[in-house]
Amino acid sequence: MSAGTTKSLTSDLCSPTAAALRAAIVAEAEAWMGTPWVHQQAVREVGCDCVGLVVGVARACGLAIADCSLWRGYHKQPDGRTLVAHLGRNFERVAEAGALPGDVMLFRIGAAPQHLAILGPGEIMIHAYAPARRVVAHRLDTDWRGRLLSVWRFRELVQRSDIRDQRTDGTHPGDPSSDLCPMISAL
């Protein structure tokens, strides 16, 4: 990849709009902390479940969530295939190694994909967790990392960054160690 191409791709990813949108997603998710866990709800300070948190944060940030009505009507243990299908309609799947703050993570509970969280800075996950009965944040520890099935990016972030997964040198454009994206490393 030529230096000119790298600069162009990097400037797209580090544009204030992409960085600002990532920061807004994380800030909004953090604002939901303490919201009670309520199945199939998506109202900050009133109640939400893990899907409702993602939908509520998206709405508050002005992000499009297609087929919102289809996100409802699931059991407390949702069908993993349906959940993945809805993610595919609304997000772009990215490599786990390329996950950035503001991305949505899909976890298995038991054997099936059933839980969503929003990635915060410093490998913090923000999620509505039924056992805690509220929205919580904590480190993405070994246990949760072992449950991680996939990472998804809001389509608006993909469109603004115009970068899908990894550069040809194996590093991700948003990886602070790449020295190519100081704005995102500050998040």
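Readers should treat all values here as calculations from the given coordinates under stated rules, not as data from a laboratory. Quick caveat, the model's predicted, so the values are computed rather than measured. Cβ: placed from backbone, ideal geometry, glycine included. Neighbour counts: every protein chain shown.
What is the spin-label model distance, in nm, from Ala112 to Gln159 if the labels are put 7 Å beyond Cα along the C-beta direction?
It works out to 3.3 nm between the two label points.
Multiply the residue separation of Glu96 and Arg139 by 0.36 nm, subtract the distance between their alpha-carbon atoms, and state the gained length in nm to one decimal.
Extra length available between Glu96 and Arg139 comes to 13.9 nm.
Considering amide H positions built from the backbone, and no H for Pro or chain starts, which residues 5 or more places from Leu149, or on another chain, come under 5 Å of its amide H?
Leu106, Phe107, Arg108
Could you tell me which of rounded, prolate or oblate describes the stretch 75-142, using a ≥ b ≥ c as the square roots of the eigenvalues of the alpha-carbon gyration tensor, with rounded for a/c under 1.5 and, failing that, prolate when a/b is larger than b/c and oblate otherwise? Numbers along the way, then the final one.
Numbers: a/c = 1.84, a/b = 1.09, b/c = 1.69.
Note, shape of the stretch 75-142 comes out oblate.
Grab the Cα-Cα distance for Asp79 and Ala130, subtract it from 0.36 nm times how many residues apart they are, and report the gain in nm with one decimal.
16.7 nm
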